[in-house]
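Everything on this sheet refers to the single structure shown next.
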Amino acid sequence: MAKFLVKKSAPLNGEVKISGSKNAVLPIMAATLLTDENCEILDVPALRDVDVMCELLSCLGATTEKELDNNRINVRADGEISSEAPFELVKQMRASILVLGALLLRTGHAIIHLPGGCAIGERPIELHLKGLRALGATVDEDQLLKGIVDARADELHGATIYLDFPSVGATEVIVMAAAVAKGTTILENAAQEPEIVDLANFLNKMGARIKGAGTDTIKIEGVEKLHGVSHHVIPDRIEAGTFMVSAAITRGKILIKNMLPDHLKAVIAKLRECGVYIEFTDDGVLVDGGRNPLVSTDIKTLPYPGFPTDMQSPFMALLTVAKGPSVVMETVFENRFMHVGEFNRMGAGIRTEGKCAIIPGNKALKGASVVATDLRAGAAVVLTGLIADGVTEVSQIYHIDRGYEHFVDKLKGLGANIERIED
Ligand code: EPZ
């Protein structure tokens, strides 16, 4: 299995361009099933998850053309569309569930074998199903007990749906299904992430009538038909946040291009609390980690616009070396501290108590053999490897390949001492 060898590096310096958002492009690719016309998607990141979603769309009968060297994908779901998502692909990427609503709309039937839980949590989908049932779908309860979503709908109609938790995936699945349902749907306590707004913009370009995306109440007036479009995906806010932390933790100075600061207000505020200098310039966001002492702060993850759970582990990397103790509370996922053990192998001395991790801070970390326990945690242990004495060997880096485009090249371009070694 491939690994990363990370060595203590000088403060990172230079500029880096942020790629398109993984968590925006995946639901947008699923939404291409809602039309039989051509959809061109631009600024697509060359990631493993994008490959898997492409394979899934092809298996379902869509024609996909991938030109990831130009960050471009073409999808035309104009053939006979199958209702069943192959487990082989679904088990590689739980985001496959995002095709559920579009598949139901397109074929009147959707069969998706659910993968089990993953490192960060059980990942239930009861809210996705609550929404689809409200729109008129039926779900085979016996099949569900076997972990298979087998949903049918001759016709979907508008409804008022309340989400018990502002689930990103449930919001996306319901919005896609409601876009071509008969009548109006009001989705309350909806997720407000920027990726929801990008999906709504994509669907509205296709002819949908969606208002309120980015707020907790989304109104969707169902339309007869959606047409093909061309769409640029928004930049990846979590990749941007990860590179902001890379400047802070190495006390370097990086100009981050193609990022939208508005999508990272909570992370920018917290970095500034740690003494990191951040300036919005015409060329991009300048992050200077060496201007002031690096001090600690507390973090609590929340649904957007709160501090993003996907930035919890990269930010914790910073807190292991910041001056002073800090507390990180993870409120979104039930098991997202798997990286604590990896940080502790490097000498971070972190203790966890339920939803909280207590980070003593001010540690002189030592290189160690560590594991990427999820894609964000993988990036986080690379960050600590950049400042730890000695060599840090990171395994299970396929997680990182899922979510960070050209990660090694981008870091090397900033002066990082990192190599990818293939076993
Ligand atoms: C999306 O996952 C992202 N993935 C995740 O990013 C991100 O961490 C997450 O949103 C939260 O921001 C994609 O967009 C592909 P949720 P999703 O449904 O949709 C509970 C990454 O690193 N929940 O908002 O699965 C659930 O158990 C990945 O890029 C229910 O209880 O997230 C979790 O605790 C990791 N019932 C919480 O909500 C449900 O029916 C958040 O889940 C659905 C969710």
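Numbers at a glance
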quantity	calculated
One residue from 245, 233 being among the aliphatic types (A, V, I, L, M), under 18 Å from residue 15 (Cβ atoms), in contact (Cβ under 8 Å) with a residue 60 or more places away in the chain and within 16 Å of the ligand (Cβ to nearest atom)	245
Qualifying residues in the stretch 346-367 (those that are touching a residue at least 12 places away in the same chain (Cβ under 8 Å) and of a type in the set (D, E, K, R)) - the one surrounded by the most Cβ atoms within 10 Å (Cβ to Cβ)	363
Cβ-Cβ under 7 Å pairs, at least 6 apart or on other chains, the stretch 294-311 side more than 10 Å from the ligand (Cβ to nearest atom) and open to solvent by less than 20 Å² (accessible area, probe 1.4 Å), far side among the charged types (D, E, K, R) and outside any loop (DSSP other than H, G, I, E, B)	294/323; 297/270; 297/273; 299/270; 307/270; 307/300
Contacts under 7 angstrom Cβ, first residue in the stretch 124-138 being on the phi > 0 side of the Ramachandran plot, partner away from the ligand (no atom under 11 Å from the Cβ) and assigned to a loop (DSSP other than H, G, I, E, B), 6 or more apart	136/153; 136/155; 136/156
Which listed residue, of 151, 190, 177, is in a helix (DSSP H, G or I), crowded, with 16+ Cβ neighbours inside 10 Å and among the small types (Gly, Ala, Ser)	177
Any chance residue 161 is in a helix (DSSP H, G or I) and within 14 Å of the ligand (Cβ to nearest atom)	no
Condition met for residue 183 (surrounded by fewer than 20 Cβ atoms within 10 Å (Cβ to Cβ), among the small types (Gly, Ala, Ser) and over 23 Å from residue 43 (Cα atoms))	yes
Among the residues listed as 170, 159, the single one being farther than 23 Å from residue 52 by Cα and open to solvent by less than 30 Å² (accessible area, probe 1.4 Å)	159
Some residue of the stretch 100-123 being part of a strand (DSSP E or B), surrounded by fewer than 20 Cβ atoms within 10 Å (Cβ to Cβ) and within 16 Å of the ligand (Cβ to nearest atom)	yes
Residue ranges of helices (runs of 4 or more DSSP H) in the stretch 16-98 with at least 2 members more than 16 Å from the ligand (Cβ to nearest atom)	48-60, 87-90
Residue count for the stretch 384-423, restricted to those that are part of a helix (DSSP H, G or I), open to solvent by less than 70 Å² (accessible area, probe 1.4 Å) and not hydrophobic (A, V, I, L, M, F, W, C)	8
Sole residue being within 24 Å of residue 301 (Cα to Cα) and without any contact (Cβ under 8 Å) to a residue 40 or more places away in the chain, chosen from 316, 338, 329	329
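Yes or no, residue by residue, for (1) touching a strand residue (DSSP E or B) at 6+ places or on another chain (Cβ under 9 Å); (2) under 19 Å from residue 161 (Cβ atoms):
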position	(1), (2)
94	yes, no
100	yes, yes
121	no, no
124	no, yes
131	yes, yes
141	no, no
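Each row is one residue, and each column tells you yes or no for (1) within 14 Å of the ligand (Cβ to nearest atom); (2) farther than 25 Å from residue 236 by Cα; (3) not aromatic (Phe, Trp, Tyr).
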position	(1), (2), (3)
269	no, no, yes
292	no, yes, yes
315	yes, no, no
336	yes, no, yes
359	no, yes, yes
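The values are calculated or read from the model by the stated rules, or taken from the named source; none is laboratory data. Please read all numbers here as calculations on a predicted model, not as lab measurements. Every residue, glycine as well, gets a Cβ built from its backbone with ideal geometry; the counts of neighbours run over all protein chains shown. We work out accessible area using only protein heavy atoms, side chains counted, and drop any ligands, DNA or RNA first. Shrake-Rupley method; radii C 1.70, N 1.55, O 1.52, S 1.80 Å.
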